[in-house]
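The values are calculated or read from the model by the stated rules, or taken from the named source; none is laboratory data. Remember, predicted model here, so these are calculated numbers, not experimental data. Neighbour counts run over all protein chains shown; Cβ positions are idealised from the backbone, glycine included.
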Amino acid sequence: MDIPEDLDDKIKTVEGIAAEFGCIILLKGVVDIISDGNRTKLNSYGNPGMSVGGTGDVLAGLVAGLISKGHDAFEAAFLGSYINGVAGDIAEKSYGYNFLATDVINQIPKVFKEK
(Lines give C-alpha, C1' and ligand atoms only; values in the text may rest on other atoms or scores of the structure.)
Protein backbone atom coordinates (compact mmCIF):
# COMPACT_ATOMS: atom_id res chain seq x y z
CA MET A 1 0.00 0.00 0.00
CA ASP A 2 1.16 3.52 -0.69
CA ILE A 3 1.58 5.72 2.35
CA PRO A 4 0.68 9.40 1.80
CA GLU A 5 3.41 12.03 2.13
CA ASP A 6 1.28 14.56 4.04
CA LEU A 7 1.50 13.97 7.81
CA ASP A 8 -2.23 14.47 8.45
CA ASP A 9 -3.11 12.02 5.67
CA LYS A 10 -0.49 9.59 6.97
CA ILE A 11 -2.02 9.75 10.46
CA LYS A 12 -5.52 9.09 9.09
CA THR A 13 -4.23 6.14 7.08
CA VAL A 14 -2.47 4.58 10.07
CA GLU A 15 -5.51 5.12 12.30
CA GLY A 16 -7.83 3.59 9.72
CA ILE A 17 -5.71 0.48 9.17
CA ALA A 18 -5.17 -0.03 12.89
CA ALA A 19 -8.92 0.24 13.51
CA GLU A 20 -9.77 -2.05 10.60
CA PHE A 21 -7.43 -4.82 11.71
CA GLY A 22 -7.68 -4.28 15.48
CA CYS A 23 -3.94 -3.89 15.86
CA ILE A 24 -1.31 -1.39 16.90
CA ILE A 25 0.80 0.22 14.21
CA LEU A 26 4.10 1.97 14.76
CA LEU A 27 5.02 3.65 11.49
CA LYS A 28 8.61 4.90 11.54
CA GLY A 29 9.37 8.15 9.78
CA VAL A 30 10.43 11.75 10.31
CA VAL A 31 7.55 11.67 12.77
CA ASP A 32 6.73 8.21 14.10
CA ILE A 33 3.00 7.50 14.20
CA ILE A 34 1.67 5.07 16.78
CA SER A 35 -2.01 4.15 16.73
CA ASP A 36 -4.44 1.48 17.84
CA GLY A 37 -7.23 3.06 15.81
CA ASN A 38 -8.63 4.92 18.85
CA ARG A 39 -5.54 6.48 20.37
CA THR A 40 -2.73 8.05 18.38
CA LYS A 41 0.64 9.33 19.55
CA LEU A 42 3.33 11.08 17.53
CA ASN A 43 7.05 11.02 18.24
CA SER A 44 9.36 13.52 16.57
CA TYR A 45 12.57 12.49 18.34
CA GLY A 46 15.19 10.91 16.11
CA ASN A 47 17.22 12.08 13.14
CA PRO A 48 18.28 11.12 9.59
CA GLY A 49 21.26 9.15 10.90
CA MET A 50 18.78 6.59 12.16
CA SER A 51 18.10 5.43 8.62
CA VAL A 52 21.07 3.09 9.05
CA GLY A 53 20.24 -0.60 9.14
CA GLY A 54 19.45 -2.02 12.56
CA THR A 55 17.76 0.89 14.27
CA GLY A 56 14.37 -0.67 13.54
CA ASP A 57 15.62 -3.84 15.22
CA VAL A 58 16.63 -1.77 18.24
CA LEU A 59 13.12 -0.31 18.27
CA ALA A 60 11.53 -3.76 18.03
CA GLY A 61 13.66 -4.97 20.93
CA LEU A 62 12.70 -1.99 23.04
CA VAL A 63 9.00 -2.54 22.38
CA ALA A 64 9.25 -6.27 23.15
CA GLY A 65 11.22 -5.57 26.32
CA LEU A 66 8.66 -3.03 27.50
CA ILE A 67 5.83 -5.48 26.87
CA SER A 68 7.73 -8.13 28.84
CA LYS A 69 7.91 -5.67 31.74
CA GLY A 70 4.12 -5.30 31.83
CA HIS A 71 3.40 -2.32 29.58
CA ASP A 72 0.43 -2.76 27.27
CA ALA A 73 1.34 -2.95 23.58
CA PHE A 74 0.24 0.60 22.70
CA GLU A 75 2.19 2.13 25.58
CA ALA A 76 5.21 -0.05 24.78
CA ALA A 77 5.13 1.04 21.13
CA PHE A 78 5.01 4.73 22.06
CA LEU A 79 7.66 4.45 24.80
CA GLY A 80 9.90 2.36 22.54
CA SER A 81 9.63 4.94 19.79
CA TYR A 82 10.48 7.72 22.23
CA ILE A 83 13.44 5.92 23.85
CA ASN A 84 14.82 4.88 20.46
CA GLY A 85 14.51 8.41 19.08
CA VAL A 86 16.12 10.12 22.06
CA ALA A 87 18.95 7.55 22.09
CA GLY A 88 19.45 8.26 18.37
CA ASP A 89 19.59 11.99 19.07
CA ILE A 90 22.24 11.44 21.75
CA ALA A 91 24.22 9.24 19.32
CA GLU A 92 24.00 11.97 16.67
CA LYS A 93 25.50 14.51 19.10
CA SER A 94 28.48 12.19 19.67
CA TYR A 95 29.05 10.81 16.15
CA GLY A 96 27.25 13.11 13.72
CA TYR A 97 25.03 11.21 11.30
CA ASN A 98 27.63 8.45 10.92
CA PHE A 99 26.60 6.09 13.68
CA LEU A 100 25.56 2.47 13.92
CA ALA A 101 22.58 0.81 15.54
CA THR A 102 24.92 -0.37 18.31
CA ASP A 103 25.73 3.29 19.02
CA VAL A 104 22.00 3.87 19.57
CA ILE A 105 21.84 0.85 21.91
CA ASN A 106 24.76 2.23 23.91
CA GLN A 107 22.86 5.50 24.51
CA ILE A 108 19.70 3.88 25.94
CA PRO A 109 20.92 4.00 29.58
CA LYS A 110 21.47 7.75 29.18
CA VAL A 111 17.84 8.18 28.09
CA PHE A 112 16.67 6.64 31.35
CA LYS A 113 19.09 8.77 33.40
CA GLU A 114 18.29 12.08 31.66
CA LYS A 115 14.55 11.82 31.11
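A few comments on the model shown:
- Boolean, Lys93 is of a type in the set (Lys, Arg) and in a helix (DSSP H, G or I): yes
- If the condition is being more than 13 Å from the chain's Cα centre (by Cα) and buried (at least 22 other Cβ atoms within 10 Å of the Cβ), then region 72-98 contributes only Ala91.
- Meets criteria (modelled with pLDDT of 95 or more and under 11 Å from the mean Cα position of the chain (by Cα)) for Thr55: yes
- Selection from region 96-115 of residues that are over 15 Å from Tyr82 (Cα atoms) and not in a loop (DSSP other than H, G, I, E, B): Ala101, Thr102, Asp103, Asn106
- Qualifying residue in region 64-71 (condition: among the hydroxyl-bearing types (Ser, Thr, Tyr) and under 13 Å from the mean Cα position of the chain (by Cα)): no
Listed here are the residues, each with its yes/no results for (1) surrounded by 14 or more Cβ atoms within 10 Å (Cβ to Cβ); (2) touching a helix residue (DSSP H, G or I) at 6+ places or on another chain (Cβ under 8 Å); (3) within 14 Å of Ile105 (Cβ to Cβ).
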site	(1), (2), (3)
Leu27	yes, yes, no
Ile33	yes, yes, no
Arg39	no, yes, no
Asn43	yes, yes, no
Thr55	yes, yes, yes
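- Residue within region 36-44 that is within 27 Å of Glu5 (Cβ to Cβ) and touching a Ser or Thr at 6+ places or on another chain (Cβ under 8 Å) present: yes
- Test: Glu20 is part of a helix (DSSP H, G or I), over 11 Å from the mean Cα position of the chain (by Cα) and buried (at least 17 other Cβ atoms within 10 Å of the Cβ): no
- Selection from region 23-43 of residues that are within 8 Å of the chain's Cα centre (by Cα) and acidic (Asp, Glu): Asp32
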